[in-house]
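The values are calculated or read from the model by the stated rules, or taken from the named source; none is laboratory data. Since the model is a prediction, treat every value here as computed from it, not as a measurement. Here the Cβ is made from the backbone with ideal geometry for all residues, glycine too, and neighbour counts use every protein chain on show.
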């Protein structure tokens, strides 16, 4: 799980630390925060959602990427309370598998911010 969380922490707008849990049955999930004020935040959400949820009808992953939040009334805004979950329920698809999948499909995190959102 550590290699996946370290990879995700390099993505622009993704904040550290990332919460991660592996279950005995091989399933796992991550909870991360994305800086809503970062200029690339929505591009990061879009890239992750596309690569994890909907890259191809023929290549569906056993993972899901989605937002979670407590009730906004009485708690505060997305700066503090909006989180994003990556959830996997299939034991044959490891966190390392997702890291490799994302490395091959997301903009290169080493090339800087210009890769995240300037082509729109």
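For residue 16, state whether it is farther than 13 Å from residue 87 by Cα and under 13 Å from the mean Cα position of the chain (by Cα).
Considered against the rule, which asks whether it is farther than 13 Å from residue 87 by Cα and under 13 Å from the mean Cα position of the chain (by Cα), residue 16 comes out as yes.
Determine, yes or no, whether residue 4 is more than 9 Å from the chain's Cα centre (by Cα), modelled with pLDDT of 95 or more and either more than 22 Å from residue 100 (Cβ to Cβ) or surrounded by 14 or more Cβ atoms within 10 Å (Cβ to Cβ) (or both).
Against the criterion (more than 9 Å from the chain's Cα centre (by Cα), modelled with pLDDT of 95 or more and either more than 22 Å from residue 100 (Cβ to Cβ) or surrounded by 14 or more Cβ atoms within 10 Å (Cβ to Cβ) (or both)), residue 4 qualifies.
Looking only at the stretch 28-44, count how many residues are under 11 Å from residue 12 (Cα atoms) and crowded, with 16+ Cβ neighbours inside 10 Å.
Residues meeting the conditions: 6.
For residue 66, state whether it is exposed (fewer than 13 other Cβ atoms within 10 Å of the Cβ), free of Cβ contacts under 8 Å to residues at least 60 places away in the same chain, under 19 Å from residue 106 (Cβ atoms) and in contact with a strand residue (DSSP E or B) (Cβ under 9 Å, 6 or more places away or on another chain).
Answer is yes for this residue.
What number of residues within the stretch 28-51 satisfy the criterion of being over 20 Å from residue 81 (Cβ atoms) and in contact (Cβ under 8 Å) with a residue 60 or more places away in the chain?
5
For the stretch 45-53, indicate whether the set of residues that are in contact with a helix residue (DSSP H, G or I) (Cβ under 9 Å, 6 or more places away or on another chain), within 17 Å of residue 102 (Cα to Cα) and loosely packed, with under 15 Cβ neighbours inside 10 Å is non-empty.
No - not one qualifying residue is present in the stretch 45-53.
When you scan the stretch 1-27, how many residues do you find that are touching a residue at least 24 places away in the same chain (Cβ under 8 Å) and within 20 Å of residue 104 (Cβ to Cβ)? First the steps, then the outcome.
At the first step, the residues of the stretch 1-27 found to be touching a residue at least 24 places away in the same chain (Cβ under 8 Å) are 1, 3-5, 7-8, 10-14, 20, 22, 25-27.
Pick out the ones that are also within 20 Å of residue 104 (Cβ to Cβ) and you get 1, 3-5, 7-8, 10-12, 14.
Matching residues across the stretch 1-27 total 10.
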